[in-house]
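Novice: The structure's right below; bear with me while I get my questions together.
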Amino acid sequence: MPLARQALAEDPAPRRSGGTWAVGLDLLPNEADGRIGGTPFPWDVLPLAPLALHRAQISTIYPGYPRPDPEDSPAGFRFRQTRAAAHLDGLLAIGPDRRRMVKEPHGWILGLPLTDCSADASPLTVWEGSAPILRDALVAAFADHPPETWHDIDVTEAYTAARARVFQTCRRVDVPARPGEAILLHRLTLHGVTPWADDATAPPEGRIIAYFRPLLPSVAAWLNLP
C-alpha cells in the first residue's frame, strides 16, 4: 500500500470525474511476475496460470464520485450516474467520432483491493451473464472480416445494441471487496463503478483497487477463448 500511495502522489495525470477519480494507468511499480516491494503475487491462491504482467492500474475513487467534468455531455454524465459508466475493457473509442474498436484484448481482469472501505464506497459493479451476449454480438460484427483485421473493425453499433440488451436482461450486481480478497472477471463482462453513497466510508486515500489485465496476442484469441 505505501508504494501505491507514493505512485498516486507522484502521478502527474489530472483526476477525472470532477476530481473524484484517479485513473492510475500502469502506475503500480510491480515486477513482471507481479512481485512488488518483496511481496510475491498470489498466484498460488488464484485460478490463473502465471504469466508476465504489466504495471497494474491503481484505480482510485474519492467521496462524491462521480462529479461532472467540463467536457462531459449531460447524457454522458447521466450514463455514469445511472449505468455506472458500463463498459467492456479493451474496447476503445477511436478517432474524432469515437468509434469503438477492440484495441486491447485482455486475457482476464483481476482486481486486488488495497484499502478497507464500506461496501457502498463506489464498488465495482457487473452485469451477470453479459459475456455471452457481448461475445455473440462481436462474433457477428467480425463475421465478414479476416481475423487479422478485427482490431480495426468498427463495432460501435453491434456493441451499443448488445449493451442495451444486457441492461434489459442481465442482473446488475455490486462487488465490494476488501484487502486480502480478489475480484476476477471474465474478460467480456460488462462492468463499471457504482456512484459513491452519501454515507460511505473510506480512508483518506480513497477506495483503491489495483487492476491487472494482461494482453492476449490477438483479438481472435480474446474472442475465441472460453
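The values are calculated or read from the model by the stated rules, or taken from the named source; none is laboratory data. This structure is a prediction, so every number in the text was calculated from the model and none was measured. As a convention, Cβ positions derive from the backbone with ideal geometry for all residues, glycine included, and neighbour counts pool all protein chains shown. To get the accessible areas, we keep the full protein, side chains included, count just its heavy atoms, and leave off ligands, DNA and RNA. Shrake-Rupley method; radii C 1.70, N 1.55, O 1.52, S 1.80 Å.
Novice: Using the Cα centre of the range 10-127 as the reference point, and only Cβ charges (+1 on K/R, -1 on D/E), how large is the resulting charge dipole? Debye, rounded to the nearest 20. Don't jump to the answer; show the numbers that get you there.
Specialist: Numbers: 12 positive and 14 negative charges, 108 e Å.
With only Lys, Arg, Asp and Glu charged at Cβ, the dipole is about 520 debye.
Novice: So, one more: What whole-number distance in Å separates the alpha-carbon centres of the range 197-226 and the range 11-42?
Specialist: Value for the Cα centre distance between the two parts: 11 Å.
Novice: Compare the peptides 29-42, 202-215 by average per-residue count of other Cβ atoms within 10 angstrom and give them in order, highest first. Don't skip to the answer; put the middle values down first.
Specialist: Numbers: 29-42: 13.6, 202-215: 19.3.
In descending order of packing, they fall as 202-215, 29-42.
Novice: On to the next question. Around I153, which amide H atoms from residues at least 5 apart in sequence, or from another chain, sit under 5 Å from its own amide H, with H modelled in the peptide plane?
Specialist: V102
Novice: Here's something else I'd like to know. Once all Cα-Cα distances of the range 81-226 are split into 5 Å bins that start at 0, what whole-number percent is in each one?
Specialist: 2, 9, 18, 21, 19, 14, 9, 6, 2, 1, 0
Novice: Another question, if that's okay. May I ask which residue of F142, L112, L46 lies farthest towards the positive end of the charge dipole of the chain, with charges of +1 (Lys, Arg) and -1 (Asp, Glu) on Cβ and the Cα centre as origin?
Specialist: Positive-end residue among those listed: F142.
Novice: What size of dipole, in debye to the nearest 20, comes out for the chain about its Cα centre when the only charges are +1 on Lys and Arg C-beta atoms and -1 on Asp and Glu C-beta atoms?
Specialist: Numbers: 22 positive and 26 negative charges, 73 e Å.
Around 340 debye, computed over the chain.
Novice: Would you grab the residues whose amide H sits under 5 Å from the one on R99? Only those 5+ places off in sequence or on another chain, please, with H modelled 1.01 Å from N.
Specialist: The list, which skips near neighbours in sequence, is I94.
Novice: Roll a 1.4 Å probe over the protein heavy atoms and report the accessible area of H54 in Å², nearest 10.
Specialist: 50 Å²
Novice: Check L190: other-chain or 5+ apart residues with amide H under 5 Å from its amide H, H built from backbone geometry?
Specialist: Amide H to amide H, under 5 Å and 5 or more residues apart or across chains, L190 pairs with W127, S130, A131.
Novice: Also, I was wondering about something else. Please identify which residues in the range 211-225 have an amide N closer than 15 Å to a label point set 7 Å out from the Cα of D144, following the Cα→Cβ vector.
Specialist: none
Novice: For the chain, what is the calculated [θ] at 222 nm in deg cm²/dmol (nearest 500), taking -39500 (n - 2.57) for each run of four or more DSSP H residues and dividing by its residue count?
Specialist: Values: 5 runs with 51 residues, N = 226.
Counting only the DSSP helices, I get -6500 deg cm²/dmol.
Novice: Work from the charge dipole of the chain (Cβ charges, +1 for Lys and Arg, -1 for Asp and Glu, about the Cα centre) and give the residue of T201, Y211, L27 farthest towards its positive end.
Specialist: T201
Novice: Hey, with R₀ at 25 Å, roughly what FRET efficiency would I94 and A220 work out to, going by the Cβ-Cβ distance, to 0.05? Write out the running numbers ahead of the final one.
Specialist: Numbers: r = 19 Å, r/R0 = 0.76.
The formula returns an efficiency of 0.85 here.
Novice: Here's another thing I want to ask about it. Filter the GluC sites (Glu not before Pro) in the range 94-172 down to the DSSP loop ones having no more than 15 other Cβ atoms within 10 Å, then list what survives.
Specialist: Working: sites: E128, E148, E157; in loops: E128.
Those that pass, being in a loop and sparsely packed, are E128.
Novice: Okay, moving on. Given +1 on the Cβ of Lys and Arg, -1 on the Cβ of Asp and Glu, and no further charges, what dipole in debye does the range 1-52 carry about its Cα centre, rounded to the nearest 20?
Specialist: Working: 4 positive and 6 negative charges, 52 e Å.
Dipole about the Cα centre, nearest 20: 260 debye.
Novice: Which whole-Hz couplings ³J(HN,Hα) result when phi for each residue of the range 122-127 is put into the Karplus expression 6.51 cos²θ - 1.76 cosθ + 1.60, θ = phi - 60°, listed in order with x for Gly and Pro?
Specialist: Result, rounded to whole Hz: 6, x, 4, 10, 10, 10.
Novice: What shape does the range 62-124 take by its C-alpha gyration tensor, where a ≥ b ≥ c are the square roots of the eigenvalues and a/c under 1.5 counts as rounded, a/b above b/c as prolate, and the rest as oblate? Let's see the in-between values first.
Specialist: Numbers: a/c = 2.70, a/b = 1.18, b/c = 2.29.
Cα axes put the range 62-124 in the oblate bin.
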